[in-house]
Amino acid sequence: MDKTELLRDDIKYIWRPFTQMKSLENENNKPIIIKKGKGIYLEDIDGNKYIDAVSSWWVNTLGHSNKRINKAIYKQSKNIEHVIFAGFTHTPAIEFSKKLVNLMNNKLNHVFFSDNGSTAVEVALKMAYQYFVLKGQPQKRKFIALKNSYHGDTLGAVSVGGIDMYHKLYKPLLFEIEQALSPYCYRCPMNCDKQSCNCECLESVENILNNTANEIAGIIIEPLVQAAGGMIMYPPKYITKLRKICDKYNILLIDDEVAMGFYRTGKLFAYEHAGIVPDIICAAKGITAGYMPLSVTVTTDEIYNAFYDDDTDGYKTFYHGHSYTAYPLALAVALENLKILEEMNIEEYLKPKIAKFSKELEKFRNHKNVGDIRQTGMVCAIELVKDKKTKEPFNYEDGIGRKIYLEGLKLGAILRPMWNCIYFITPYIITEKQIEKLTDIAYKSLLKVLPDKE
Ligand SMILES: *Cc1c(COP(=O)(O)O)cnc(C)c1O
């Protein structure tokens, strides 16, 4: 089939995610048909190559078509591709869990498998609620979540979501939560200064707890970066303080590491920067280097033990599972991924790249529409504003992000600005030269759309 036929059938048969289907009638909005990938590059059916600046929806870490990962998939497929995970188990699941728990210093040490980030969040919420039921506090059934948060698209995950455009419509279907302020440092909801900030926005969490702690099971956060909300970044001390608040009011800290886990912030999990241990973590995106759907919800002895019993009536059993729970192909990849990262000495490996990004971001600094430049490890973001002084944002209708995306394509990079935010979440294997090239492309694309003169 040629390109025209493929695109005709694509729109005819496929309902795309996060997409107004009618907008695809516009020639500019046709999906790009990707034929293959190699390293940080994606190649389309016409032979155009693009730097994958978004790691294929934030999942890819080792680049595309990694030989060792491909081999691990093939090897595992010859042994066992799938087996029911109730009553049966397999070596990849066992070895991976053990390795992961060791990497977390055995503090979070019970691994529950599922196959996407949203579900890992659902599991965490159900676990937290049932934990308090089993502890004789069934009235603790509500959660606190933050404004601008994103935890996935299933109904439980949407309930704890805080992005109006994605979440508001479904409100009648959702369970009730308490919403606290977003730690949006560039637009601080408490009007504090970054330098003297003492995480005043956490007062909104304490205010909720002062009144209703006996109804609250936990708080769910995206650690250090509210990613889908617009790469909103906040300091580790927020999480350190939040841990203390959770202890004071006897609620659980649920740490959604789906986007930031597996070294995106420079450490295995973002919570490590805060020197604390959450009660439950969810991880998914980087877990298989972007090669297979897999997720985990990992918790402590304390929570696990509350469920552990003779349990003749099944009351203390955690009733949750999916057809693809602990999918062996995915586990073989996740295990190989951990081995590769270990051999790379990944934390050290990332340091010069993080520093290089930090240096290259400076070229955006003086542009009249660059309001904020932020970075957490391998996540970089540039927030564009109409007016630097007033921080007045562009309107959604201005479509600035979309225009920059189209310019980026012409120059050979897949940027996917969110709202008014250009960001980079690249595969870890990007070289320093490639970082220069990518940021150059992004800067040129920005200049095309927003020339830097009065
Ligand atoms: C992407 C994301 C999710 C949802 O993961 P899916 O695999 O897309 O279901 C949940 N939480 C965070 C923080 C995410 O970035």
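So what's the gap between the Cα centers of the range 213-265 and the range 151-188, to the nearest angstrom?
Spelled out, the Cα-based centre of one part sits 14 Å from the other.
Can you sort I208, I382 by how many other beta carbons sit within 10 Å, fewest first?
Working: I208 21, I382 26.
In increasing order of surrounding Cβ atoms, one gets I208, I382.
Tell me which GluC sites (Glu not before Pro) from the range 78-181 have a DSSP coil assignment and no more than 15 other beta carbons within 10 Å of their own.
Numbers: sites: E81, E95, E122, E176, E178; in loops: E81, E176.
Answer by residue number: E81, E176.
I need the shape label for the range 30-166. Rule: rounded when a/c is under 1.5, else prolate if a/b > b/c, else oblate, with a, b, c from the alpha carbon gyration tensor.
Numbers: a/c = 2.55, a/b = 1.36, b/c = 1.88.
The shape class here is oblate.
Listing L350, L252 from the residue with the fewest other Cβ atoms within 10 Å to the one with the most, what is the order? Walk me through the numbers on the way to the answer.
Numbers: L350 19, L252 27.
Fewest-to-most Cβ neighbours within 10 Å comes out as L350, L252.
Residue-wise, which Karplus ³J(HN,Hα) couplings in Hz belong to the range 144-161, taking 6.51 cos²θ - 1.76 cosθ + 1.60, θ = phi - 60°, and x for glycine or proline?
9, 9, 9, 3, 6, 7, 9, 10, x, 10, 7, 4, x, 5, 5, 4, 8, x
Give me the distance between the Cα centres of the range 316-386 and the range 38-59, rounded to whole Å.
Here the answer is 16 Å between Cα centres.
What are the residues whose amide H is under 5 Å from the amide H of G371, where those residues sit 5 or more places off or on another chain and H is modelled from the backbone?
E383, L384, V385
Quick check: from the Cα gyration tensor, does the chain come out rounded (a/c under 1.5), prolate or oblate?
Details: a/c = 1.63, a/b = 1.21, b/c = 1.35.
The shape class here is oblate.
Please enumerate, by chain and number, the lysines with C-alpha under 16 Å from the C-alpha of K38, excluding those fewer than 8 residues away in the same chain.
K49, K67, K71
Where does each of 9-18, 384-393, 147-156 land if you order them by average Cβ count within 10 Å, highest first? Mind showing how you got there, number by number?
On the way: 9-18: 9.9, 384-393: 14.6, 147-156: 20.6.
Ranked by mean Cβ neighbours within 10 Å, highest first: 147-156, 384-393, 9-18.
Based on the Cβ-Cβ distance from K448 to K30, what FRET efficiency comes out when R0 is 22 Å, to the nearest 0.05? It would help to have the intermediate numbers written out before the result.
Values: r = 20 Å, r/R0 = 0.93.
So, using R0 = 22 Å, E works out to roughly 0.60.
How about the range 177-280: which trypsin sites (Lys or Arg not before Pro) there are in a DSSP loop, with at most 11 other Cβ atoms within 10 Å of their Cβ? Please list the in-between numbers first.
Numbers: sites: R187, K194, K237, K241, R243, K244, K248, R264, K267; in loops: K194, R264, K267.
Hits after loop and neighbour filter: K194.
Applying the Karplus parametrisation 6.51 cos²θ - 1.76 cosθ + 1.60 with θ = phi - 60° to the phi angles of the range 236-247, what ³J(HN,Hα) value in whole Hz is obtained for each residue in order, glycine and proline being reported as x?
x, 4, 4, 6, 4, 5, 4, 4, 5, 5, 4, 5
In this model, which of K147/K368; K12/K35; K36/K99; K359/K448; K285/K391; K107/K267 are farther than 24 Å apart at the alpha-carbon? Kindly include the intermediate steps, with their values, before the conclusion.
Working: K147/K368 28 Å; K12/K35 20 Å; K36/K99 32 Å; K359/K448 22 Å; K285/K391 32 Å; K107/K267 16 Å.
Result: K147/K368; K36/K99; K285/K391 exceed 24 Å.
Computed from the coordinates by the stated procedures, all read-outs in this text should not be read as laboratory data. A quick note: this is a predicted structure, and the numbers were derived from the prediction, not measured. Quick reminder, even Gly has a Cβ in these numbers, built from the backbone with ideal geometry, and neighbours come from all protein chains shown.
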